[in-house]
1. How about segment B:85-132: which GluC sites (Glu not before Pro) there lie in a loop by DSSP and see at most 11 other Cβ atoms within 10 Å?
2. Going by amide H atoms built from the backbone, whose H comes under 5 Å of the H on B:Ser93, apart from near neighbours?
3. Please work out which residue of chain A brings its Cβ closest to the axis of the rotation superposing A onto B, and round that distance to whole Å.
4. All other residues with a Cβ under 12 Å from the Cβ of B:Gly70 taken together, and with Lys, Arg as +1 and Asp, Glu as -1, what is their net charge?
5. Summing +1 for each Lys or Arg and -1 for each Asp or Glu, what net charge is found among the other residues whose Cβ lies under 12 Å from the Cβ of A:Ala149?
6. Take the alpha carbon gyration tensor of the protein assembly as shown, find the square roots of its eigenvalues, order them as a ≥ b ≥ c, and report rounded if a/c is under 1.5; if not, report prolate when a/b exceeds b/c, else oblate.
7. Could you give the angle, 0 to 90 degrees to the nearest 10, between helix A:234-243's Cα long axis and the longest principal axis of the Cα atoms of chain A?
8. Can you give the relative contact order of chain A as a percent, counting alpha carbon pairs under 8 Å and 6+ residues apart?
Protein chains: 2
Amino acid sequence: MQLLAEVGKGLREDSIKKMSVDTKKNRNDLVTNFDKKTEKFVNGKIKEAYPEATIVSEEGYGDLVKDMSGLVFFVDPIDGTMNFVKRGDNFASMIGVYIDGEPLIGAIIDVMDNEIYHGGKEIGLFINEEPIDDPKNLPLVEGLVDVSAPMALSNKFSVQDVIKKSSGFRVYGSAGIIFGHLLTGKEVMYMSYLAPWDLAAGRVMCEAAGMNVASIDGTPINMLESQVVIVGTQKVVSEALKTLKTR
Amino acid sequence: MQLLAEVGKGLREDSIKKMSVDTKKNRNDLVTNFDKKTEKFVNGKIKEAYPEATIVSEEGYGDLVKDMSGLVFFVDPIDGTMNFVKRGDNFASMIGVYIDGEPLIGAIIDVMDNEIYHGGKEIGLFINEEPIDDPKNLPLVEGLVDVSAPMALSNKFSVQDVIKKSSGFRVYGSAGIIFGHLLTGKEVMYMSYLAPWDLAAGRVMCEAAGMNVASIDGTPINMLESQVVIVGTQKVVSEALKTLKTR
């Protein structure tokens, strides 16, 4: 978790730097640089500590990983880039660790709030090293749901039928931030099209917390491909899968 | 601002109490009680300090206000009730003050973050008593927009055409919290159907910050009625009004 704490500190400094840059074009270049710089730093540290590991990551400093055998790390240096650029809050940095395809450890830092979530099935769940309880297994009618904006607005898979059965709809724009909401019971469902590095850390922790992480067509989650994923309490995911129309 | 600081402290304690109550029914009753108790407290303090003022408020402890003459206070004890109940964060308490129909002072507390926004055209804008700069007059393409969930999902007024021209869509579920985002430049537009107490404080401060607060059909804002309101930078509101279809 030391690693993510360091990443967080760096990104908070970057966030201030970004604001001081004048033109939009330069600012966008800078953000891309922050993304790459952070991934390079994280991947380097991982390779140092676990030379045998392979790394799946967004910005191109990872390995070409063809199967999930052995120790596989997933790295997302800045999750919620638009929030990083436009808001300066509600963005995250994430690391997920799998061994022979099995979820082992996940870690997410809410960078600006400086809150680190970490855990796994074996060790339990923590916020800033303090153990937390699993969220309640609430039904859809009792909780707030977060669905990616394009999916919700276009009513893909008739997802608005699920939203209407919930107690309300929220859009935060960062998978990492929303995983934090799920782990603390602030929301009961998240649905989005996610890349491997968007999903890896959150999947480990949500499954460890007794939640369900499912593809919407019943196929097993493939950690080496992007896919539409639904994450939530057992009750909510089961209700949602019955309601969604996947044809 | 002392008053809102006190309100915030009380509501943070209430938020903890709420969680310790067992059944859902009791919890809902409790929340209604918190709402009423807070409004009664705020309205009492206002009447003490300004006996000549009239009060427009949500829970029934206000006056029957028929026109905007003299000193009129608008009180929303808990804005974002669903967030208060389900999340325990991102809810607000708001007071707006008007004199002979003119916006005078607005104050909003983000209760859980304990951040108080206050200000008006004469005095400027502050967060926790520290002066802040006006947000930049960004165009739609450069900022995030927040539109109420029912309006966005049903594409009312073709609002999705506005959303598609922005850099992204967010839903936070509390007018007070979103006014804070507008004042700090984290978002550039908010559109929703708002009651007088939802709008009053935010309108004062957003107008003081150089933003535009408009009805979508070109009629003047009526502070004694609920209406669809669009709030944002001058550029964004002008672009949005051209794009929206009001028939």
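1. In loop regions of segment B:85-132 (DSSP not H, G, I, E or B), the sparsely surrounded GluC sites (Glu not before Pro) are B:Glu122, B:Glu129.
2. Counting only residues 5 or more places away or on other chains, the set is B:Asp79, B:Ile109, B:Val111.
3. Of all Cβ atoms in A, the one closest to the rotation axis yields A:Val171, 2.
4. Summing Lys and Arg as +1 and Asp and Glu as -1 gives -4.
5. Surrounding charge for A:Ala149 is +2.
6. prolate
7. 70 degrees
8. Worked out over chain A, it gives 18 percent.
We did not get these values from a lab; they are worked out from the coordinates using the rules stated. Everything quoted here is computed from the prediction, not taken from an experiment. Cβ: placed from backbone, ideal geometry, glycine included. Neighbour counts: every protein chain shown.
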